[in-house]
1. Would you point out the residue of segment 271-286, among those that are in a loop (DSSP other than H, G, I, E, B) and open to solvent by 90 Å² or more (accessible area, probe 1.4 Å), that is modelled with the lowest pLDDT?
2. Kindly check whether there is at least one residue in segment 5-26 that is of a type outside the set (D, E), assigned to a loop (DSSP other than H, G, I, E, B), buried (at least 19 other Cβ atoms within 10 Å of the Cβ) and on the phi > 0 side of the Ramachandran plot.
3. Can you list residue pairs whose Cβ atoms sit under 7 Å apart, with the first residue in segment 86-106 being under 14 Å from W221 (Cβ atoms) and in a loop (DSSP other than H, G, I, E, B) and the second being open to solvent by 30 Å² or more (accessible area, probe 1.4 Å) and not polar (S, T, N, Q)? Count only pairs 6 or more apart in sequence or on different chains.
4. What are the residues in segment 247-268 that are part of a loop (DSSP other than H, G, I, E, B) and open to solvent by less than 90 Å² (accessible area, probe 1.4 Å), if any?
5. What tally of residues in segment 253-284 results from selecting those that are without any contact (Cβ under 8 Å) to a residue 12 or more places away in the chain and under 19 Å from K97 (Cβ atoms)?
6. Counting only residues that are touching a strand residue (DSSP E or B) at 6+ places or on another chain (Cβ under 7 Å) and either surrounded by fewer than 19 Cβ atoms within 10 Å (Cβ to Cβ) or in a loop (DSSP other than H, G, I, E, B) (or both), how many does segment 173-184 have?
7. Does P75 fit the bill of being surrounded by fewer than 21 Cβ atoms within 10 Å (Cβ to Cβ) and either under 19 Å from W239 (Cβ atoms) or touching a helix residue (DSSP H, G or I) at 6+ places or on another chain (Cβ under 7 Å) (or both)?
Amino acid sequence: RYYSGEKKAPVLTVFIGGNHEASNHLQELPYGGGGAPHIYYLGYAGVVRFRGVRIGGISGIFKSHDYRKGHFECPPYNQQTIRSAYHVRNIEVFKLKQLKRPIDIFMSHDWPRSIYHYGNKKQLLKMKSFFRQEVESNTLGSPAASELLQHLKPTYWFSAHLHVKFAAFMQHETNSKEELPKATKFLALDKCLPHRDFLQQIIDVEHDPNAGDSLEYDAEWIAVLKATNSLVNVTQSSWNMPEQNGLHAKWDYSVTEEAIKEVLEELNHDLKIPCNFTPTAACYDPSKPQRNMEPVHTINPQTTEFCAQFGLTDINDRIQQAKEERSGRGECEEEEEEMDSTGSAEEPSEYNTDNSGLSSFNPDEIMLDEEEAGDEDLSTCSVDPSPDHPPEFSTSFSDIRIMPDSMVVSSDDAMDSNNEELEKSGGSKQGEGKSPTERSLKRIGGDENGNSGVKKIKRRNQAIYAAEDEDKTD
């Protein structure tokens, strides 16, 4: 967005969003697009191809109270929408579940719920003992991502969010004797700090050596976007995706080979994604600092071009229209947007818990002060399984311990000195007899009246940052 035009990424990069990205910029590209030259964002959800390798992903983190809403947020954000803007929505999961062709690589920020049962769970809990309650009750991670994992069965699945390196190998069940068994190799990496496992050796993926080195559209995904375009929702009203329950005339939005062929013909069989990145904000100039700039709702030309090419609804343009209509009717937009984002007044979620994957106190997490009562849900850490609310997917998950050679977590990982210090100072001592607020360090800025004018940052990983400072002085 702020690219000056002088450089580009040396390696083609494909990424998804999490809960610490610039939501106002990524929201400009709901269907994906260039975040910078040679760096491609997959959008709220997306699938692309590179040298025959099919790469998919879903952005954001799971929160049940926003899961069934539309994408209604836009800058300037309020205290609720600044967080809900990066929460996963059911429509994106629904779109991805229409895919029938195999996926090679899939990415999510959250871990799929239950994936920890397929790796070295003992070692994971040694490194992150504060995950124990959710792991044992099978409530850690995203149930929506787990649903996608079971449906898509990708060869590789990469996640982040929990700030620990963890590998797993999941053998999927087959639906019929004729179906060949599939397996997924899962890998999550740690955060980028000294002595942390934030890198993994290169993984070889089967590809087409004769294919070009350009990123390409995926014809089936484009066809699914066209088929589900009528489902686009830009309101914050909760709604369910079509399903075979007698309430919907149509519930299957998967596409036929004929529909995929039509997409190929529209593109003249040229699937190359155009390099049309265009800055939508002035480049940062350190000599002219601009503080307290309010984000502006921007219609990105990449999205405009993409929607025009495939006949899709520009979500941001639809949001802008809705705002203008409300303004024309004299409705108070602020009153509507400032509805509490706790989900207290909503219908129950289709999932029985509201865990985003960091519901436990995690000393490694750095987050905005407002998120304490929002995204992290520290007051509702876990929901124990019961006969009425069994943990999702538990019946189909076994406790496999087989690990692929290329994704093994070494025994040295469990002996990392920083992690042991973290357990002592963050996971154990800080957790005894103190509230989450008392356990946190704050950076607080205020105005001349003593009001907090700068967002407070909580350093929950005190031991790690202390270790980092020691490394700098050595």
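The values are calculated or read from the model by the stated rules, or taken from the named source; none is laboratory data. Here the structure is a predicted model, which is why all the values come from computation and not from measurement. Neighbour counts run over all protein chains shown; Cβ positions are idealised from the backbone, glycine included. The area values use the complete protein model at the heavy-atom level, side chains included, leaving out ligands, DNA and RNA. Shrake-Rupley method; radii C 1.70, N 1.55, O 1.52, S 1.80 Å.
1. Across segment 271-286, the extreme among qualifying residues is Y284.
2. No, segment 5-26 contains no residue that is of a type outside the set (D, E), assigned to a loop (DSSP other than H, G, I, E, B), buried (at least 19 other Cβ atoms within 10 Å of the Cβ) and on the phi > 0 side of the Ramachandran plot.
3. Matching pairs, first to second residue: K97/H151; D104/V205.
4. H248, D252, Y253, S254, V255, T256, L267
5. Within segment 253-284, residues that are without any contact (Cβ under 8 Å) to a residue 12 or more places away in the chain and under 19 Å from K97 (Cβ atoms) number 2.
6. We begin by selecting, within segment 173-184, every residue touching a strand residue (DSSP E or B) at 6+ places or on another chain (Cβ under 7 Å); these are 181, 183-184.
With either surrounded by fewer than 19 Cβ atoms within 10 Å (Cβ to Cβ) or in a loop (DSSP other than H, G, I, E, B) (or both) added as a condition, the list becomes 181, 183.
Selection size over segment 173-184: 2.
7. Answer is yes for this residue.
Condition check ((1) in a loop (DSSP other than H, G, I, E, B); (2) of a type outside the set (D, E); (3) touching a Cys at 6+ places or on another chain (Cβ under 9 Å)) across all residues:
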position	(1), (2), (3)
I299	yes, yes, no
T303	no, yes, no
D317	no, no, yes
A322	no, yes, no
